[in-house]
Amino acid sequence: MDMAVTTVARPGLGPLVTGVSAVVARRLEARQTAYAVADLLRAHLPGLDLLTPEERAGSPDGYVSHLLHAEADFSIVAVVWRPGQDTVIHDHVSWCAFGVLSGIEYEILYRDMGDHLREIGRAENRPGEVSGFAPPGDIHKVRNTSDEVGVSVHVYGADVSRLGSSVRRVYELPVR
Ligand SMILES: [Fe+2]
């Protein structure tokens, strides 16, 4: 069933799916794809009504991912973070473009030094802001540093429904 397409009908999702399909069909190099999808996301950033009020409330147990669309070449995921919720340090199975709808996605970037990680940068992503990246050099940890529930939309260049996650590896190395 690798050609399976999963789509949940959501306001604002249709134009994004159509647009990403067209970008992916160009078969660009991964980084160029991520930048082109970021441009698309900037032009078609969905509103908070992409999610139901229940979904937008998040969970006390940690951030929640909602898989909204998945097919062989890309997936669209909405992530909901209550204030202070964060990810572990991880990298990704594919290129990614993401846009922030609410809250602040505060990102710390790391380089793998073999036996430890070194912090190489920080970025604060606020509502309306969009960016794209591709492995390698995509090791990061993300936290909602705002005092409101954070919502963001992520597009990955892989079938997340098949892989189960957009995470390639979780890093438990010390940071020095
Ligand atoms: Fe990530």
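Nothing in this text is a laboratory measurement; each read-out follows from the coordinates by a stated rule. These figures come from a predicted structure and were not determined experimentally. Neighbour counts are summed over all protein chains in view; Cβ atoms, including those assigned to glycine, are modelled from backbone coordinates with ideal geometry.
At 0.890 mPa s and 25 °C, plugging the Kirkwood radius over alpha-carbon pairs of region 40-100 into Stokes-Einstein gives what diffusion coefficient in µm²/s?
Rounded to a whole number, D works out at 186 µm²/s.
Of VAL24, PRO135, GLY62, which is farthest towards the positive pole of region 6-162's charge dipole, taken about the Cα centre with +1 and -1 on the beta-carbons of Lys, Arg and Asp, Glu respectively?
VAL24
Where does region 1-47 land on Rg/Rh, using Cα atoms and the Kirkwood Rh?
Taking Rg over the Kirkwood Rh, I get 1.00.
With +1 assigned to the C-beta of every Lys and Arg and -1 to the C-beta of every Asp and Glu, and no other charges, what is the dipole magnitude of region 6-162 about the Cα centre in debye, to the nearest 20?
300 debye
For the chain, what is the mean residue ellipticity at 222 nm derived from helices alone (per DSSP H run of n ≥ 4: -39500 (n - 2.57); sum divided by total residues; nearest 500 deg cm²/dmol)?
So the helix-based figure for the chain works out to -5500 deg cm²/dmol.
Can you give me the long-range amide H partners of TYR63? Hydrogens built in the peptide plane at 1.01 Å from N, cutoff under 5 Å, separation of 5 or more residues or another chain.
When sequence neighbours closer than 5 places are left aside, the close amide H contacts are ASP86.
For region 6-162, state the semi-axes of the equivalent ellipsoid (square roots of 5 times the eigenvalues of the alpha-carbon gyration tensor), sorted largest first and rounded to whole angstrom.
22, 21, 13
Work out which GluC sites (Glu not before Pro) in the chain are exposed loop sites (DSSP not H, G, I, E or B, at most 15 other Cβ within 10 Å) and give the longest gap free of them.
30-147
Give the share of C-alpha pairs in each 5 angstrom bin for region 122-176, from 0 to the last occupied bin, in whole percents, shortest bins first.
So the P(r) values, bin by bin, are 4, 11, 22, 24, 21, 15, 3, 0.
Pop out the ³J(HN,Hα) list for region 34-39 in order, Karplus 6.51 cos²θ - 1.76 cosθ + 1.60 with θ = phi - 60°, rounded to Hz; leave Gly and Pro as x.
4, 5, 5, 5, 4, 4
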